[in-house]
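Here is the structure we will look at, set down as structure tokens.
All of the numbers you see were taken from the coordinates with simple rules; none came from a lab. Everything numeric here is computed off the predicted structure, so don't read it as measured data. Methodologically, a virtual Cβ is constructed for each residue, glycine included, from the backbone with ideal geometry; neighbour enumeration extends over all protein chains shown.
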């Protein structure tokens, strides 16, 4: 990973900073995919999922516990992430969950927009840029459980 890309990724620590990245002229899906590929897809997604875990609000989730299996489609292949949440916080790590309440499949640009609060889950489902299998209530409620 180049030093410049690594430094930029290290600066992304909030949904607001993701929104600022998305607001830069010329940042579109192709740019985001290329950026993540150049930065190293797995380390870049590790950072994004880390931000997601940090911004999870147990209070907003109403004390619920569960697991979301994310599958991020990249040009070089899919990258799975487990997102476990509960009354004491959340963790996110690469890998496949044995059991998940819901499985969400997205491209990396869609994930970035979701995490930045720039894409509504219902709209993404309707447009089929977000696919899910499992508990529809978890899929619908999930975005409200984060501090944007």
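Between residue 144 and residue 88, what is the FRET efficiency for a Förster distance of 22 Å, r being their Cβ-Cβ separation, to the nearest 0.05?
Details: r = 19 Å, r/R0 = 0.84.
Once rounded, the FRET efficiency stands at 0.75.
Note down the nm distance, to one decimal, between modelled labels 7 Å out along Cα→Cβ at residue 118 and at residue 59.
Roughly 2.9 nm, to one decimal.
Could you work out how far the C-alpha centroid of region 96-132 sits from that of region 13-60, in angstrom?
Using only Cα atoms, the two centres lie 13 Å from each other.
What FRET efficiency comes out for residue 78 versus residue 17 if R0 is 35 angstrom and r is the Cβ-Cβ distance? Round to the nearest 0.05. Don't skip to the answer; put the middle values down first.
On the way: r = 26 Å, r/R0 = 0.74.
For R0 = 35 Å, the calculated efficiency reads 0.85.
Would you work out if region 62-125 is rounded, prolate or oblate? Take a ≥ b ≥ c from the square roots of the eigenvalues of the alpha-carbon gyration tensor; rounded if a/c is under 1.5, else prolate when a/b is larger than b/c, oblate otherwise. It would help to have the intermediate numbers written out before the result.
Working: a/c = 2.03, a/b = 1.25, b/c = 1.62.
Oblate is the answer for region 62-125, as a/c is 1.5 or above yet b/c matches or exceeds a/b.
Could you please rank 102, 71, 122, placing first whichever residue has the fewest other Cβ atoms within 10 Å of its Cβ?
Details: 102 21, 71 15, 122 12.
Fewest-to-most Cβ neighbours within 10 Å comes out as 122, 71, 102.
Going by C-beta contacts inside 10 Å, put 137, 21, 142 in order with the fewest on the left. Could the numbers behind the result be given before it?
Values: 137 11, 21 17, 142 22.
Ascending number of Cβ neighbours within 10 Å: 137, 21, 142.
Going by how many other beta carbons lie within 10 Å of each one, how would you line up 145, 70, fewest first?
Numbers: 145 19, 70 23.
In order of increasing Cβ crowding within 10 Å: 145, 70.
Here are labelled values, (1) 39, 28, 27; (2) 93, 30, 24; (3) 51, 26, 18, and one is the computed Cα extents along the principal axes in Å for what I pasted. Which one?
(1)
Compute a Gaussian network model of the chain, connecting alpha carbons closer than 10 Å, and tell me which residue from 82, 123, 19 fluctuates the most.
123
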